[in-house]
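The structure under discussion appears below in the form of structure tokens.
The values are calculated or read from the model by the stated rules, or taken from the named source; none is laboratory data. Worth saying up front: this structure is predicted, and the values here are computed from it rather than measured. In this analysis, Cβ positions are derived from the backbone assuming ideal geometry, glycine residues included, and neighbour counts consider all displayed protein chains. Accessible surface is based on the protein model in full, side chains and every heavy atom, while ligands, DNA and RNA are left aside. Shrake-Rupley method; radii C 1.70, N 1.55, O 1.52, S 1.80 Å.
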Amino acid sequence: MVIGVLALQGDVREHVRALEESGATAKPVRRLSEIEAADGLVIPGGESTTLWKLAAAFELLDPVRKLIAGGMPAFGSCAGLIMLADQVADGAEGQQTFGGIDMTARRNAFGRQVDSFEREVLVGGAPFHAVFIRAPWVERAGPDVSVLGEDNGRIIAVRQGALLATAFHPELTPDRRIHELFVSMVKGSQ
Ligand code: GLN
């Protein structure tokens with residue numbers, strides 16, 4: 001089993017390390033053939049407009065959209081959450097995503113004054129020390145979306161089937177529960 005980390009832009013290396021610490025084999029993937037060969041895909045934090053433009057430039061937008069719609073397990077953090085959202089609020093003009101999760105992600109939702117912050121949130125009812133960097137939140141979650149995490153009433157972690165997304169960056173802190181969950185989701189899909 002190999003988990004690919006989409007290496008167009010963002011904190012790829014941190015996700016590779018977090019996945020390996022969670023018992024998976026992980027590697028950066030960029031070409032469609034590499035993505036297709038992976039058993040699961042992580043979309044890192046970074047900048048969703050850049051991810052969108054690079055994915056479009058490398059002709060990955062449609063193929064990856066189809067892989068995800070076809071059941072490929074995927075996990076996105078921050079900009080990766082935006083890339084897995086069916087709709088984006090406050091996106092750039094024409095901004096597109098891979099989609100897959102029936103939700104609306106609001107970009108830069110926590111406001112400009114607080115570009116980044118760390119605090120305890122609740123994930124699966126348990127405290128989780130979370131790092132937020134110009135983070136989105138989930139403004140609307142469809143009926144098939146399970147809310148896994150909340151911060152002051154804002155949805156910041158969700159799961160829909162084989163898709164997992166967090167508004168924060170679990171790859172930047174040592175707590176591996178989110179990556180372990182994703183690794184078990186990928187194993188369970190095989
Ligand atoms: N604000 C970024 C975006 O819109 C996300 C930031 C992040 O991934 N840390 O994509």
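Observations on the structure shown:
- Hey, Met72 within 16 Å of the ligand (Cβ to nearest atom), closer than 29 Å to Pro174 by Cα and in contact with a strand residue (DSSP E or B) (Cβ under 7 Å, 6 or more places away or on another chain) or not: no
Rundown of residues vs (1) within 15 Å of Pro44 (Cα to Cα); (2) at pLDDT below 95; (3) touching a strand residue (DSSP E or B) at 6+ places or on another chain (Cβ under 8 Å), yes/no style:
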| position | (1), (2), (3) |
| --- | --- |
| Ala135 | yes, no, yes |
| Val138 | no, no, yes |
| Asp144 | no, no, yes |
| Arg177 | no, no, yes |
| Glu180 | no, no, no |
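- Exclusive hit being of a type outside the set (D, E, K, R), at pLDDT 95 or above and over 23 Å from Ala24 (Cβ atoms), set Leu54, Leu67, Leu84: Leu54
- Of the strands (runs of 3 or more DSSP E) lying entirely inside region 1-51, the ones with 1 or more residues being farther than 16 Å from Ala79 by Cβ, open to solvent by 20 Å² or more (accessible area, probe 1.4 Å) and not polar (S, T, N, Q) are found at 2-6, 25-29.
- Members of region 63-110 found to be of a type in the set (Val, Ile, Thr) and either open to solvent by 20 Å² or more (accessible area, probe 1.4 Å) or free of Cβ contacts under 8 Å to residues at least 60 places away in the same chain (or both), listed by number: Val64, Ile82, Val88, Thr97, Thr104
- Cβ pairs under 7 Å, 6+ apart, first in region 39-62 and within 19 Å of His15 (Cα to Cα), second in a strand (DSSP E or B) and within 13 Å of the ligand (Cβ to nearest atom): Leu41/Leu6; Val42/Leu6; Ile43/Leu6; Ile43/Gly76; Pro44/Leu6; Pro44/Ser77; Gly45/Ser77; Gly45/Ile133
- Any chance Asp102 is in contact with a strand residue (DSSP E or B) (Cβ under 6 Å, 6 or more places away or on another chain) and at positive phi: no
- Among the residues listed as Arg177, Arg159, the single one being open to solvent by 60 Å² or more (accessible area, probe 1.4 Å) and under 12 Å from the mean Cα position of the chain (by Cα): Arg159
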